[in-house]
Amino acid sequence: MTARPVSLGLRANAAQFSLLVGLNALVGAMVGLERSVLPLVGKRDFHLGSDVSILSFVVAFGAAKAVTNLAAGVLADRVGRKRLLVAGWLFALPVPALIGLAPSWWLIVVANLFLGVNQGLAWSMTVVMKIDLAGPARRGLALGLNESAGYLGVAATAFLTGAAATTVAPRTVIWVVAAVTAVAGSLVSIVFVRDTGEHVAHEQRADESDGGAHNPVLRACAQAGLVNNLNDALAWGLAPLYLAAHGASVRQIALVAGVYPGVWGIAQLATGWLSDLVGRKPLIVLGMLVQAAGLGLLVAGDARFSFALIAAVLLGLGTALVYPALIAAVSDAVTPQARARAIGLYRFWRDAGFVLGALIAGLAADAVGAGAAIVLVAALTGGSGLWVAATSWTPERPASEPSPGPMSGIATKV
């Protein structure tokens, strides 16, 4: 039997690439289930009085995801992309039962440890596999499509669970939808996904660089990713409590919680492609500053619903500018063989932001109030953008398209 020829590019790998896009929407849906209602469950069902206690589920999720990202980067070439993807979905299977049956909050925290491992393996592998398939010429576009699908999945389930929670018990909504999603993701990964290791080897053979990485760029990307997820942890865990304390209904909170990742998801369809044209750095700087403005507006508007919606739009747009550009910039800076490890390390630091964000937001909110905690995170976000602006952004490694075609010869800009 003749081996299937390996070629790079979105068109050449359209079927597998599209399958991975759809699969990442399911990955995002798993975490979106908690976005609008789980902090309220902690306060209302488990009677937790401390914001730090409530945000402990975000700490557990972020710590598990960060460490798993690091391991996934190291293991991707040894174990194989597909095997890690399947393992990620298998870790999702206990999550519905743990959330649905938990008699105390600590089991909700345990469920989020499993969810963090699921996200660290499954999302990491969909990211790496799409980059493997796309090749260097359309890396930003590929990442934009990947992240768009994932965060539209987050947005859809964040809104739907919040809306359904007005008539059905919130935990029931979460575990039922989580069970369906986890089973579907597992089956698709096992039956239909193909490993992309041969694509990496094919691209590496045509790579003429010395393998050196641009350390200032990688450091700038790592800190920006960390701060980005630091403010995302605040939006996930503290913002619903802040809005509820100012009189927002569950439906209004669900709408705000859905608009933020919804704008984030849709806008990435354009921002990933745009980063291929104008470079990564301008989008990262602008995105961090727009996020800071959105957080500031939430407090300046005293959490009024109209201001909260605008803040959610700004936060989503800013994150859309940042997210695909950061991963693309890391990928630009290393050789194909080093890519999985570099992305795993970047995603480790980025998702450590969930841990720091939950701790900073929770401790600051308990000490000086939620409004002051949000302002503090807004200031950190703006400062992160200025760090990137001050970084000397050297041109990317020489990139070549290994196989001729409609996308060959187009170098990715940085």
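Go through segment 227-240 and give me each residue that's touching a Lys or Arg at 6+ places or on another chain (Cβ under 9 Å) and either acidic (Asp, Glu) or closer than 14 Å to residue 254 by Cβ (or both).
If the condition is that a residue be touching a Lys or Arg at 6+ places or on another chain (Cβ under 9 Å) and either acidic (Asp, Glu) or closer than 14 Å to residue 254 by Cβ (or both), then 235, 236, 240 are the ones that fit.
If residue 303 satisfies all but one of (1) surrounded by fewer than 24 Cβ atoms within 10 Å (Cβ to Cβ); (2) part of a helix (DSSP H, G or I), what's the number of the condition it fails?
(2)
Hey, can you tell me all the residues within segment 320-361 that are under 23 Å from residue 54 (Cβ atoms) and β-branched (Val, Ile, Thr)?
355, 360
Any residue at all in segment 83-101 that's in contact with a Lys or Arg (Cβ under 9 Å, 6 or more places away or on another chain) and among the charged types (D, E, K, R)?
Checked segment 83-101: no residue is in contact with a Lys or Arg (Cβ under 9 Å, 6 or more places away or on another chain) and among the charged types (D, E, K, R).
Can you confirm whether residue 396 is out of contact with any helix residue (DSSP H, G or I) (no Cβ under 6 Å at 6 or more places or on another chain), at pLDDT below 85 and either on the phi < 0 side of the Ramachandran plot or not in a helix (DSSP H, G or I) (or both)? Show your work before the answer.
On the way: out of contact with any helix residue (DSSP H, G or I) (no Cβ under 6 Å at 6 or more places or on another chain): no; at pLDDT below 85: yes; either on the phi < 0 side of the Ramachandran plot or not in a helix (DSSP H, G or I) (or both): yes.
Here the answer is no, as residue 396 does not meet what is asked.
With the condition being within 17 Å of the chain's Cα centre (by Cα) and either modelled with pLDDT of 90 or more or under 23 Å from residue 225 (Cα atoms) (or both), I'd like the helices (runs of 4 or more DSSP H) fully within segment 33-142 carrying at least 1 qualifying residues.
56-79, 81-92, 105-134
Please state which one of 309, 243, 321 is within 23 Å of residue 383 (Cα to Cα), in a helix (DSSP H, G or I), at pLDDT 90 or above and of a type in the set (A, V, I, L, M, F, W, C).
Values: 309 fails: within 23 Å of residue 383 (Cα to Cα); 243 fails: within 23 Å of residue 383 (Cα to Cα).
Going through 309, 243, 321 in turn, the sole match is 321.
The values are calculated or read from the model by the stated rules, or taken from the named source; none is laboratory data. What you are looking at is a predicted structure, and each value in this text was computed from that prediction instead of being measured. Every residue, glycine as well, gets a Cβ built from its backbone with ideal geometry; the counts of neighbours run over all protein chains shown.
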